[in-house]
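The values are calculated or read from the model by the stated rules, or taken from the named source; none is laboratory data. Owing to the predicted nature of the structure, the values given are computational and were not obtained by experimental measurement. Cβ placement follows ideal geometry from the backbone for every residue including glycine, while neighbour counts extend to all protein chains displayed.
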Amino acid sequence: MRAVFFFFLLSYCLSAFPSNKGDDLADFGAQSFKYQDKHYLALTLKNHEGWHTYWKNPGDAGLPFQAEFLLDGQALELEELEWPVPHKYMAEGDVLSYGYEGVHTFFYKLPPLKKGLLEIKGNWLICKEVCIPGGRTLKGELSSGEYKNLLGNEIELSQKELTQNFESLPQRVSAPINLSFRLLKEPGQDSFILLYELKGDYKNINSSMNFLTPYPVTPLGFKREKLFQHHSGSLIGYHTVDWDGDFQEPAIALPANGKFTTPIKVKFLLNFPEQENINYFDVTFNSFEEKQLHSFLPEASSLKEIKHNSAHSKEEHPSDQTIWSFLFFAFLGGLILNLMPCVLPVISLKLFGLIVHSDLKKKDLIKHNLVFTLGVVSTLWAFACVILAIKATGQEIGWGFQLQSPLFVMCMLLFLFILSLNLFGLFEFVTPGGRTLGNAQMKKGLVGDFFSGVLATVLSTPCSAPFLGTALTFAFTTTSFNIFLVFTMIGLGLSFPFILTAFFPQLISFLPKPGAWMEKMKNFLGLTLLITCAWLYDVLMNLSHGQVFNMPMNVLLILTFFAFFFYQKMGKTKIAKLFFIALPLLSFSYVVANHNILLRPSNESNVTSSQNSQWQAWSQEKMNAVKDRPVFIDFTASWCLTCKVNKKLVLDTSSFYQFAKENDITLMKADWTKRDDKITKFLKSYGAVGVPAYFIQTKSGEVKYLGETISLSKIEEAL
């Protein structure tokens, strides 16, 4: 009966699963435009009502529109004109962003002599109550500076509308002669203050936009504008500016002498008082002054702050109700992770610990399980910090990123191997049940509980579960605070069975009492850890192309086993024991020092060819080259056990290959075992942050994301 109830609950939750993607929330089109005998390509986005996309500087959160061009399959660079003037959005929670609603057009200069098939790939992030990545590919003929659409156009404007949009683009102007700047660095701070003053007597000030809106510029990171009006009528404003040079590659050091090695040119949109048009200008900074802001500001009593009131105040990020729905998905996804094969060995160890602790008082049992929960949540917070740090550098990152590091996988393999030796009785080690099975020591047991939570989290992150993908997509495209909220709920879901049994111990009353049977169970759990080690060994082999699986690596595992065996069974003197303990440490150092591939992922593109000749190695170029037939793409990784299950049940079956043959489907596979920014970027553009992920490209060139689970009926429906 319980199973039936759970089935109906799961079915209900799946029916509430949101189905929109960013592709469906905006119309995208391309067309030729001629102005004063010059030819341009006009790319138009029409966002659905209430949804908005982003300007070059998205503000506190967001991603700008991106366009890529291929001429006969080769990358084509088109000169980009200024973007339309953005609107300012102030979301609930004081979140600022710059972007567009409704119809907006981007213009590019067309080269007169280029001819051929032009493919246009547009990608955007579109937001309302949630932020969803979207994208579309258009195709057309380019000839004599004109573009003729062949495929994919969804919106086309009249020449009159295009002319109006073109003439409303911001124009370059000179910096106003009555506008002065000071770039200040307050002593002891690594950030700047950009102070400016517009002298005069101004009455009509458009507060729906900043007076100065900065374009993105390396290595500066602009924050909010503070704007004041002096009693004389002059405007005084400043931006807080972060120094982002430390995150560049190579890093750009903050000059100690106050002079920049290379002058920094900053471009601004200028919302000049008493003028309707917004134009742009740039100013160059050669140095900064190490002085405090207040020494340049007039008395506060002579200043009146101008509040920026956006005429387009929308909720950029989810409302409380929507956030709660994503947090629910995160919790449910974390709960289902307990059933995933990659985390089952550690969950089994924790369950074993519950049996050991069954005779403890309720308050002590609560303490053990809450410490386990703390280990889970703390590890997910650490992952969130790493994700934010990597995103701050401009790099792409996805779920399960730690298993793309060969060195990390090697350390995990050795740790689990040593833990399995403990369960086989070669040495005593702090486990979730305490130092020894029959004597749960509270202090050491708590340490074991915490690290059990850490280990369960590390092993669970390569797994993908129902509901988890939606929560993770939201987390990876939202604010830093929301990332921590989502990851916290995943951790609480993963820990929930143990939180529940802590407060209601009678739920595990069906488990047998501690006894001699536990010694045999301990050996069985050791076997499950060895199986996990075999999985990690396979992951490591794929990460390093087998280079590490030579004699040194095998010797390392053998010496690790023998060191503990000698220490427990044979060693008589401390010197002899220390000698054999040192051997695997020296072997580990040798492997790391002589196999640089362990220190970082390979730079090679992570594409793979299946042993079955029907599969091709994936690339974006190959997808684009396939015409007049559908394409199925499998994004997978050797550390993804869910991928292996899907492969066994669906993708490696005769019925799947027969279906592909009957429908003339090209099969492609992309291996994300090692970090690959091309794969990460492609997944992210369709709202996926991990594997497995499956896609269909139809005959018309439309790409459809099928999700994390796969079936022949789902593929047939997509076609």
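Quick notes on this one:
- Inspection of region 684-699 identifies at least one residue that is part of a loop (DSSP other than H, G, I, E, B) and on the phi > 0 side of the Ramachandran plot.
- All conditions but one from (1) surrounded by 19 or more Cβ atoms within 10 Å (Cβ to Cβ); (2) out of contact with any helix residue (DSSP H, G or I) (no Cβ under 9 Å at 6 or more places or on another chain); (3) more than 23 Å from P84 (Cα to Cα) apply to L162; the one that does not is (3).
- Per the listing F285, F211, F272, F247, the residue uniquely of a type in the set (F, W, Y) and touching a helix residue (DSSP H, G or I) at 6+ places or on another chain (Cβ under 7 Å) is F247.
- Among (1) modelled with pLDDT of 90 or more; (2) more than 30 Å from P112 (Cα to Cα), the one test that N165 misses: (2)
- Residues that are of a type in the set (A, V, I, L, M, F, W, C), in contact (Cβ under 8 Å) with a residue 40 or more places away in the chain and surrounded by fewer than 23 Cβ atoms within 10 Å (Cβ to Cβ), drawn from region 111-129: L117
Each row is one residue, and each column tells you yes or no for (1) out of contact with any Leu (no Cβ under 8 Å at 6 or more places or on another chain); (2) assigned to a loop (DSSP other than H, G, I, E, B); (3) not assigned by TED's automatic domain parsing to the domain that holds F268.
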| site | (1), (2), (3) |
| --- | --- |
| E49 | yes, yes, yes |
| K56 | yes, no, yes |
| G62 | no, yes, yes |
| A67 | no, no, yes |
| L70 | no, no, yes |
| M90 | no, no, yes |
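- Residue satisfying all of: in region 286-306; outside any strand (DSSP E or B) and among the small types (G, A, S); surrounded by the most Cβ atoms within 10 Å (Cβ to Cβ) among these: S302
- Residues considered: K678, K714, K674. Of these, the only one that is touching a residue at least 24 places away in the same chain (Cβ under 8 Å) and surrounded by fewer than 19 Cβ atoms within 10 Å (Cβ to Cβ) is K678.
- Looking across region 59-78 at every residue that is crowded, with 21+ Cβ neighbours inside 10 Å and more than 22 Å from F166 (Cβ to Cβ), the one that is farthest from the chain's Cα centre (by Cα) is identified as G59.
- Residue check for V217: outside the structural domain of V95 (by TED's automatic domain parsing), closer than 24 Å to H294 by Cα and of a type outside the set (S, T, N, Q): no
Each row is one residue, and each column tells you yes or no for (1) at pLDDT 80 or above; (2) in a loop (DSSP other than H, G, I, E, B); (3) farther than 30 Å from K121 by Cα; (4) touching a strand residue (DSSP E or B) at 6+ places or on another chain (Cβ under 8 Å).
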{"site": "Q616", "(1), (2), (3), (4)": "yes, no, no, yes"}
{"site": "K622", "(1), (2), (3), (4)": "yes, no, no, yes"}
{"site": "R629", "(1), (2), (3), (4)": "yes, yes, no, yes"}
{"site": "D634", "(1), (2), (3), (4)": "yes, no, no, yes"}
{"site": "W639", "(1), (2), (3), (4)": "no, yes, yes, no"}
{"site": "V645", "(1), (2), (3), (4)": "no, no, yes, no"}
{"site": "Y657", "(1), (2), (3), (4)": "yes, no, yes, no"}
{"site": "K661", "(1), (2), (3), (4)": "yes, no, no, no"}
{"site": "K669", "(1), (2), (3), (4)": "yes, no, no, yes"}
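Yes/no matrix, rows are residues, columns are (1) at pLDDT below 90; (2) exposed (fewer than 12 other Cβ atoms within 10 Å of the Cβ):
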residue	(1), (2)
L138	no, no
E141	no, no
Y147	no, no
R172	no, yes
R182	no, no
Q189	yes, no
L195	no, no
Y202	yes, no
I205	yes, no
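- Taking region 270-284 as the range and being among the hydrophobic types (A, V, I, L, M, F, W, C) and in contact with a Pro (Cβ under 6 Å, 6 or more places away or on another chain) as the test, only I278 passes.
Results for (1) at pLDDT 70 or above; (2) closer than 17 Å to L407 by Cα, shown as yes or no for each residue.
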site	(1), (2)
F504	yes, no
M521	no, no
L543	no, yes
N550	no, yes
I558	yes, no
F561	yes, no
F564	yes, no
Y567	yes, no
T573	yes, no
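- Test: residue in region 384-402 that is assigned to a helix (DSSP H, G or I), at pLDDT below 60 and within 30 Å of A563 (Cβ to Cβ): yes
- If you go through region 111-162 and keep only what is part of a strand (DSSP E or B), touching a Ser or Thr at 6+ places or on another chain (Cβ under 6 Å) and among the aliphatic types (A, V, I, L, M), you end up with just I126.
- A single entry from L162, L142, L169, L150 fulfils the requirement of being free of Cβ contacts under 8 Å to residues at least 40 places away in the same chain and among the hydrophobic types (A, V, I, L, M, F, W, C): L150.
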